[in-house]
1. How would you classify region 59-213 from its alpha-carbon gyration tensor, with a ≥ b ≥ c the square roots of the eigenvalues: rounded for a/c under 1.5, else prolate if a/b is greater than b/c, otherwise oblate?
2. If one takes the longest principal axis of the Cα atoms in the chain, at what angle in degrees, from 0 to 90 and to the nearest 10, does the Cα axis of helix 213-226 lie?
3. Please report the carbon-and-sulfur percent of the accessible area for the chain; probe 1.4 Å, protein heavy atoms only, DNA, RNA and ligands left out.
4. In terms of modelled amide H atoms, which long-range or inter-chain residues lie less than 5 Å from the amide H of G57?
5. Restricting to lysine pairs 8 or more places apart or on different chains, what number in the chain have Cα atoms under 15 Å apart?
6. What are the residues whose amide H is under 5 Å from the amide H of A233, where those residues sit 5 or more places off or on another chain and H is modelled from the backbone?
7. Quickly estimate the mean residue ellipticity at 222 nm for the chain, helices only: each DSSP H run with n ≥ 4 gives -39500 (n - 2.57), and the total goes over all residues, rounded to 500.
8. For the pair L130 and T225, what calculated FRET efficiency results from E = 1/(1 + (r/R0)^6), where r is the Cβ-Cβ distance and R0 = 30 Å, to the nearest 0.05?
Amino acid sequence: AAKDAGRGVYRFYADAMHNQASERKAIEDALRDALVKDELRLLYQPIVDVGSERITGFEALIRWHHATEGMISPSKFIPIAEESNLIVPIGEWIIRTACASIALVGPGYRIAVNVSPRQFANEKLPATILSAVSAAGIRPEQLELEITEGVFLDESPENLAMFRQLKRTGVRLALDDFGTGYSALGYLKKAPFDKIKIDQSFVLGAADPSSMNAAIISSIVGLATALKMETTAEGVETHDDLALIRGLGCSHVQGYIYGRPMELAEMLTLLREGGGHAEARGYKCTR
Ligand code: C2E
Ligand code: MG
Ligand code: MG
Ligand code: MG
(Lines give C-alpha, C1' and ligand atoms only; values in the text may rest on other atoms or scores of the structure.)
(Ligands and ions follow the chains in the order given, each with its own letter.)
Protein backbone atom coordinates (compact mmCIF):
# COMPACT_ATOMS: atom_id res chain seq x y z
CA ALA A 1 0.00 0.00 0.00
CA ALA A 2 2.88 2.29 0.86
CA LYS A 3 4.33 1.57 -2.57
CA ASP A 4 1.03 2.46 -4.27
CA ALA A 5 0.82 5.68 -2.30
CA GLY A 6 4.37 6.50 -3.38
CA ARG A 7 3.46 5.95 -6.99
CA GLY A 8 0.40 8.14 -6.51
CA VAL A 9 2.58 10.94 -5.21
CA TYR A 10 4.96 10.53 -8.13
CA ARG A 11 2.06 10.71 -10.60
CA PHE A 12 0.79 13.80 -8.88
CA TYR A 13 4.14 15.54 -9.24
CA ALA A 14 4.56 14.38 -12.82
CA ASP A 15 1.13 15.80 -13.72
CA ALA A 16 1.83 19.02 -11.88
CA MET A 17 5.13 19.39 -13.68
CA HIS A 18 3.47 18.65 -17.00
CA ASN A 19 0.72 21.20 -16.29
CA GLN A 20 3.32 23.75 -15.27
CA ALA A 21 5.31 23.13 -18.45
CA SER A 22 2.27 23.49 -20.67
CA GLU A 23 1.16 26.60 -18.82
CA ARG A 24 4.58 28.13 -19.40
CA LYS A 25 4.40 27.19 -23.07
CA ALA A 26 0.94 28.77 -23.36
CA ILE A 27 2.18 31.98 -21.71
CA GLU A 28 5.25 32.05 -23.97
CA ASP A 29 3.11 31.67 -27.12
CA ALA A 30 0.70 34.40 -26.02
CA LEU A 31 3.57 36.66 -25.03
CA ARG A 32 4.98 36.35 -28.53
CA ASP A 33 1.81 38.12 -29.80
CA ALA A 34 1.37 40.50 -26.88
CA LEU A 35 3.47 43.27 -28.45
CA VAL A 36 1.66 43.24 -31.81
CA LYS A 37 -1.71 42.91 -30.07
CA ASP A 38 -0.84 45.95 -27.96
CA GLU A 39 -1.53 44.09 -24.70
CA LEU A 40 1.48 45.43 -22.81
CA ARG A 41 1.30 48.61 -20.75
CA LEU A 42 3.72 50.54 -18.60
CA LEU A 43 2.56 51.97 -15.30
CA TYR A 44 4.57 54.66 -13.52
CA GLN A 45 5.23 54.88 -9.79
CA PRO A 46 6.54 58.11 -8.25
CA ILE A 47 9.99 58.27 -6.65
CA VAL A 48 10.16 61.05 -4.09
CA ASP A 49 13.07 63.02 -2.63
CA VAL A 50 12.90 62.53 1.14
CA GLY A 51 14.06 66.02 2.08
CA SER A 52 11.91 68.13 -0.22
CA GLU A 53 9.04 65.65 -0.66
CA ARG A 54 9.16 66.43 -4.36
CA ILE A 55 8.75 63.82 -7.06
CA THR A 56 12.07 63.40 -8.84
CA GLY A 57 10.99 60.67 -11.20
CA PHE A 58 9.07 57.48 -11.81
CA GLU A 59 9.76 53.78 -12.11
CA ALA A 60 8.19 52.16 -15.18
CA LEU A 61 6.51 48.88 -14.25
CA ILE A 62 5.12 46.57 -16.90
CA ARG A 63 1.62 45.08 -16.97
CA TRP A 64 0.16 42.55 -19.37
CA HIS A 65 -3.55 42.65 -20.12
CA HIS A 66 -4.14 39.22 -21.63
CA ALA A 67 -7.28 39.00 -23.81
CA THR A 68 -8.81 36.09 -21.87
CA GLU A 69 -6.64 35.62 -18.76
CA GLY A 70 -6.92 39.25 -17.67
CA MET A 71 -4.04 40.98 -15.90
CA ILE A 72 -0.89 38.88 -15.59
CA SER A 73 1.71 40.01 -13.08
CA PRO A 74 5.29 40.69 -14.20
CA SER A 75 6.64 38.21 -11.67
CA LYS A 76 4.77 35.55 -13.64
CA PHE A 77 5.67 36.46 -17.23
CA ILE A 78 9.04 38.25 -17.00
CA PRO A 79 10.87 35.01 -16.04
CA ILE A 80 9.25 33.30 -19.05
CA ALA A 81 10.18 36.22 -21.30
CA GLU A 82 13.72 35.85 -19.98
CA GLU A 83 14.00 32.14 -20.69
CA SER A 84 12.57 32.47 -24.20
CA ASN A 85 14.67 35.57 -24.98
CA LEU A 86 11.43 37.44 -25.77
CA ILE A 87 12.68 39.88 -23.14
CA VAL A 88 14.97 41.41 -25.77
CA PRO A 89 12.21 42.79 -28.07
CA ILE A 90 9.89 43.41 -25.11
CA GLY A 91 12.72 45.14 -23.24
CA GLU A 92 13.40 47.37 -26.23
CA TRP A 93 9.70 48.32 -26.32
CA ILE A 94 9.85 49.10 -22.58
CA ILE A 95 12.90 51.37 -22.99
CA ARG A 96 11.43 53.22 -25.98
CA THR A 97 8.01 53.66 -24.36
CA ALA A 98 9.48 54.85 -21.05
CA CYS A 99 11.73 57.39 -22.80
CA ALA A 100 8.81 58.73 -24.82
CA SER A 101 6.74 59.10 -21.64
CA ILE A 102 9.36 60.99 -19.69
CA ALA A 103 9.77 63.34 -22.65
CA LEU A 104 6.09 64.25 -22.12
CA VAL A 105 6.63 64.79 -18.39
CA GLY A 106 9.49 67.23 -18.84
CA PRO A 107 13.25 67.68 -18.60
CA GLY A 108 13.33 67.88 -14.78
CA TYR A 109 12.31 64.28 -14.19
CA ARG A 110 13.87 60.85 -14.48
CA ILE A 111 12.47 57.56 -15.60
CA ALA A 112 13.72 54.25 -14.17
CA VAL A 113 13.43 51.08 -16.23
CA ASN A 114 14.03 47.51 -15.06
CA VAL A 115 16.62 45.64 -17.11
CA SER A 116 16.68 41.83 -17.00
CA PRO A 117 19.87 39.75 -16.92
CA ARG A 118 19.30 38.56 -20.51
CA GLN A 119 18.98 42.14 -21.76
CA PHE A 120 22.08 43.05 -19.82
CA ALA A 121 23.94 40.24 -21.57
CA ASN A 122 22.86 41.51 -24.99
CA GLU A 123 25.67 43.43 -26.68
CA LYS A 124 23.17 45.64 -28.54
CA LEU A 125 21.78 47.14 -25.31
CA PRO A 126 23.89 50.34 -25.33
CA ALA A 127 22.94 51.05 -28.96
CA THR A 128 19.26 50.44 -28.20
CA ILE A 129 19.45 52.86 -25.29
CA LEU A 130 21.20 55.61 -27.23
CA SER A 131 18.69 55.27 -30.05
CA ALA A 132 15.69 55.42 -27.65
CA VAL A 133 17.11 58.43 -25.81
CA SER A 134 17.73 60.38 -28.99
CA ALA A 135 14.38 59.41 -30.57
CA ALA A 136 12.59 60.75 -27.47
CA GLY A 137 14.77 63.87 -27.31
CA ILE A 138 15.64 63.40 -23.64
CA ARG A 139 19.01 63.71 -21.88
CA PRO A 140 20.65 60.34 -21.13
CA GLU A 141 20.83 61.23 -17.40
CA GLN A 142 17.03 61.21 -17.37
CA LEU A 143 17.08 57.46 -17.95
CA GLU A 144 18.00 55.16 -15.08
CA LEU A 145 18.49 51.43 -15.58
CA GLU A 146 17.62 49.21 -12.63
CA ILE A 147 19.67 46.05 -12.56
CA THR A 148 18.97 43.39 -9.95
CA GLU A 149 21.70 42.40 -7.61
CA GLY A 150 21.79 38.86 -8.97
CA VAL A 151 23.22 39.96 -12.32
CA PHE A 152 26.40 41.17 -10.71
CA LEU A 153 26.91 38.10 -8.61
CA ASP A 154 29.46 36.95 -11.08
CA GLU A 155 31.94 39.73 -11.57
CA SER A 156 32.64 38.45 -15.05
CA PRO A 157 34.66 40.64 -17.42
CA GLU A 158 31.59 40.72 -19.72
CA ASN A 159 29.36 42.11 -16.95
CA LEU A 160 31.84 44.76 -15.94
CA ALA A 161 32.53 45.72 -19.57
CA MET A 162 28.78 46.13 -20.21
CA PHE A 163 28.46 48.17 -17.03
CA ARG A 164 31.19 50.56 -18.18
CA GLN A 165 29.77 50.77 -21.70
CA LEU A 166 26.36 51.71 -20.31
CA LYS A 167 27.97 54.32 -18.03
CA ARG A 168 29.63 55.86 -21.08
CA THR A 169 26.22 56.38 -22.73
CA GLY A 170 25.45 58.78 -19.87
CA VAL A 171 22.49 56.90 -18.39
CA ARG A 172 22.28 56.32 -14.65
CA LEU A 173 22.57 52.86 -13.13
CA ALA A 174 20.73 51.63 -10.06
CA LEU A 175 21.29 48.38 -8.18
CA ASP A 176 17.80 46.95 -7.59
CA ASP A 177 16.54 44.63 -4.84
CA PHE A 178 19.66 45.23 -2.79
CA GLY A 179 20.01 42.83 0.11
CA THR A 180 18.09 39.94 -1.45
CA GLY A 181 21.01 38.35 -3.30
CA TYR A 182 24.30 37.26 -1.87
CA SER A 183 25.53 40.83 -1.56
CA ALA A 184 29.00 40.38 -2.95
CA LEU A 185 30.00 43.82 -1.74
CA GLY A 186 33.19 43.75 -3.80
CA TYR A 187 31.37 44.54 -7.01
CA LEU A 188 30.10 47.87 -5.68
CA LYS A 189 33.69 49.05 -5.85
CA LYS A 190 34.21 47.76 -9.39
CA ALA A 191 30.81 48.79 -10.66
CA PRO A 192 30.04 52.24 -9.30
CA PHE A 193 26.26 52.45 -9.39
CA ASP A 194 24.53 55.81 -9.02
CA LYS A 195 21.90 54.42 -6.71
CA ILE A 196 21.11 51.46 -4.46
CA LYS A 197 17.47 50.44 -4.15
CA ILE A 198 16.79 48.85 -0.78
CA ASP A 199 14.47 45.92 -1.26
CA GLN A 200 11.00 46.29 0.16
CA SER A 201 11.41 43.15 2.27
CA PHE A 202 13.63 45.28 4.57
CA VAL A 203 11.35 48.29 4.43
CA LEU A 204 7.86 46.91 5.08
CA GLY A 205 7.33 47.12 8.84
CA ALA A 206 10.85 48.42 9.46
CA ALA A 207 9.50 50.74 12.15
CA ASP A 208 8.49 47.73 14.25
CA PRO A 209 10.96 47.91 17.17
CA SER A 210 11.32 44.12 17.28
CA SER A 211 12.60 44.03 13.69
CA MET A 212 16.26 44.07 12.70
CA ASN A 213 15.38 45.87 9.49
CA ALA A 214 16.20 49.36 10.72
CA ALA A 215 19.75 48.23 11.51
CA ILE A 216 20.09 46.64 8.07
CA ILE A 217 18.76 49.74 6.27
CA SER A 218 21.05 51.93 8.32
CA SER A 219 24.12 49.94 7.29
CA ILE A 220 23.10 49.95 3.61
CA VAL A 221 22.67 53.74 3.73
CA GLY A 222 26.08 54.06 5.40
CA LEU A 223 27.69 52.00 2.68
CA ALA A 224 25.93 53.91 -0.11
CA THR A 225 26.83 57.28 1.38
CA ALA A 226 30.50 56.29 1.67
CA LEU A 227 30.43 55.26 -1.98
CA LYS A 228 28.58 58.48 -2.97
CA MET A 229 25.50 56.61 -4.16
CA GLU A 230 21.87 57.61 -3.68
CA THR A 231 19.47 55.25 -1.90
CA THR A 232 15.81 54.55 -2.57
CA ALA A 233 13.77 52.72 0.05
CA GLU A 234 11.11 50.73 -1.75
CA GLY A 235 7.74 49.67 -0.38
CA VAL A 236 7.15 52.54 2.04
CA GLU A 237 3.50 52.21 2.99
CA THR A 238 3.05 53.83 6.39
CA HIS A 239 3.89 57.12 8.07
CA ASP A 240 5.87 55.23 10.72
CA ASP A 241 8.03 53.60 8.06
CA LEU A 242 8.47 56.93 6.28
CA ALA A 243 9.58 58.64 9.49
CA LEU A 244 12.06 55.86 10.17
CA ILE A 245 13.42 55.93 6.61
CA ARG A 246 13.85 59.70 6.83
CA GLY A 247 15.69 59.33 10.13
CA LEU A 248 18.02 56.71 8.65
CA GLY A 249 19.08 59.09 5.88
CA CYS A 250 17.72 57.46 2.72
CA SER A 251 17.74 60.01 -0.08
CA HIS A 252 14.62 58.75 -1.88
CA VAL A 253 11.47 56.76 -1.19
CA GLN A 254 9.02 54.88 -3.34
CA GLY A 255 5.88 53.21 -2.10
CA TYR A 256 2.13 53.25 -1.74
CA ILE A 257 2.32 56.12 0.76
CA TYR A 258 3.18 58.45 -2.15
CA GLY A 259 1.46 56.62 -4.96
CA ARG A 260 0.76 53.30 -6.60
CA PRO A 261 1.94 52.51 -10.12
CA MET A 262 -0.33 54.68 -12.34
CA GLU A 263 -1.25 55.19 -15.98
CA LEU A 264 0.61 57.76 -18.09
CA ALA A 265 -2.42 60.09 -18.10
CA GLU A 266 -2.61 59.99 -14.29
CA MET A 267 1.09 60.75 -14.02
CA LEU A 268 0.70 63.80 -16.24
CA THR A 269 -2.35 65.03 -14.31
CA LEU A 270 -0.58 64.51 -10.99
CA LEU A 271 2.36 66.65 -12.04
CA ARG A 272 0.17 69.32 -13.61
CA GLU A 273 -1.97 69.63 -10.49
CA GLY A 274 0.61 69.00 -7.78
CA GLY A 275 3.63 70.57 -9.40
CA GLY A 276 5.58 67.48 -8.40
CA HIS A 277 5.04 68.10 -4.72
CA ALA A 278 4.01 64.85 -3.06
CA GLU A 279 2.14 65.38 0.17
CA ALA A 280 2.21 62.16 2.14
CA ARG A 281 -1.07 63.10 3.78
CA GLY A 282 -4.09 63.45 1.57
CA TYR A 283 -2.25 61.96 -1.34
CA LYS A 284 -4.70 60.22 -3.59
CA CYS A 285 -4.19 56.48 -4.00
CA THR A 286 -6.39 55.22 -6.78
CA ARG A 287 -5.23 51.62 -7.15
P1 C2E B 1 10.95 45.86 -8.60
O2 C2E B 1 11.68 46.45 -9.76
O3 C2E B 1 11.73 45.70 -7.32
O4 C2E B 1 9.66 46.75 -8.42
C5 C2E B 1 9.07 47.07 -7.19
C6 C2E B 1 7.79 46.33 -6.97
O7 C2E B 1 7.26 46.73 -5.70
C8 C2E B 1 6.69 46.65 -7.99
O9 C2E B 1 5.89 45.48 -8.15
C10 C2E B 1 5.87 47.74 -7.25
O11 C2E B 1 4.56 47.86 -7.74
C12 C2E B 1 5.93 47.19 -5.83
N13 C2E B 1 5.68 48.23 -4.81
C14 C2E B 1 5.96 49.55 -4.89
N15 C2E B 1 5.62 50.19 -3.78
C16 C2E B 1 5.11 49.26 -2.94
C17 C2E B 1 4.57 49.32 -1.60
O18 C2E B 1 4.50 50.37 -0.95
N19 C2E B 1 4.15 48.16 -1.06
C20 C2E B 1 4.21 46.97 -1.74
N21 C2E B 1 3.74 45.87 -1.12
N22 C2E B 1 4.70 46.88 -2.99
C23 C2E B 1 5.15 48.01 -3.59
P24 C2E B 1 5.49 44.97 -9.61
O25 C2E B 1 5.05 46.14 -10.42
O26 C2E B 1 4.54 43.84 -9.42
O27 C2E B 1 6.84 44.43 -10.19
C28 C2E B 1 7.46 43.31 -9.61
C29 C2E B 1 8.82 43.04 -10.23
O30 C2E B 1 8.67 42.67 -11.61
C31 C2E B 1 9.74 44.25 -10.25
O32 C2E B 1 10.35 44.40 -9.00
C33 C2E B 1 10.69 43.87 -11.36
O34 C2E B 1 11.68 42.98 -10.87
C35 C2E B 1 9.78 43.12 -12.33
N36 C2E B 1 9.36 44.05 -13.39
C37 C2E B 1 8.34 44.94 -13.40
N38 C2E B 1 8.31 45.64 -14.54
C39 C2E B 1 9.36 45.20 -15.28
C40 C2E B 1 9.89 45.54 -16.57
O41 C2E B 1 9.41 46.44 -17.27
N42 C2E B 1 11.00 44.85 -16.99
C43 C2E B 1 11.58 43.88 -16.23
N44 C2E B 1 12.65 43.27 -16.70
N45 C2E B 1 11.12 43.54 -15.01
C46 C2E B 1 10.03 44.18 -14.55
MG1 MG C 1 12.86 47.98 -10.07
MG1 MG D 1 11.96 44.23 -5.80
MG1 MG E 1 13.14 46.99 -6.56
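The values are calculated or read from the model by the stated rules, or taken from the named source; none is laboratory data. Since this is a predicted model, take the numbers as computed values, not measurements. Ideal geometry is used to build each Cβ from the backbone, glycine not excepted, and the neighbour counts take in all protein chains shown. All accessible areas refer to the heavy atoms of the entire protein, side chains included, with ligands and DNA or RNA removed. Shrake-Rupley method; radii C 1.70, N 1.55, O 1.52, S 1.80 Å.
1. rounded
2. For helix 213-226, the angle is close to 60 degrees.
3. Whole-percent figure for carbon plus sulfur exposure: 56.
4. Amide H neighbours of G57, under 5 Å, 5+ apart: I47, R110.
5. Value for the chain: 9.
6. Here I198, H252, V253, Q254 satisfy the definition.
7. After summing the helix terms and dividing by residue count, I get -14500 deg cm²/dmol.
8. 0.45
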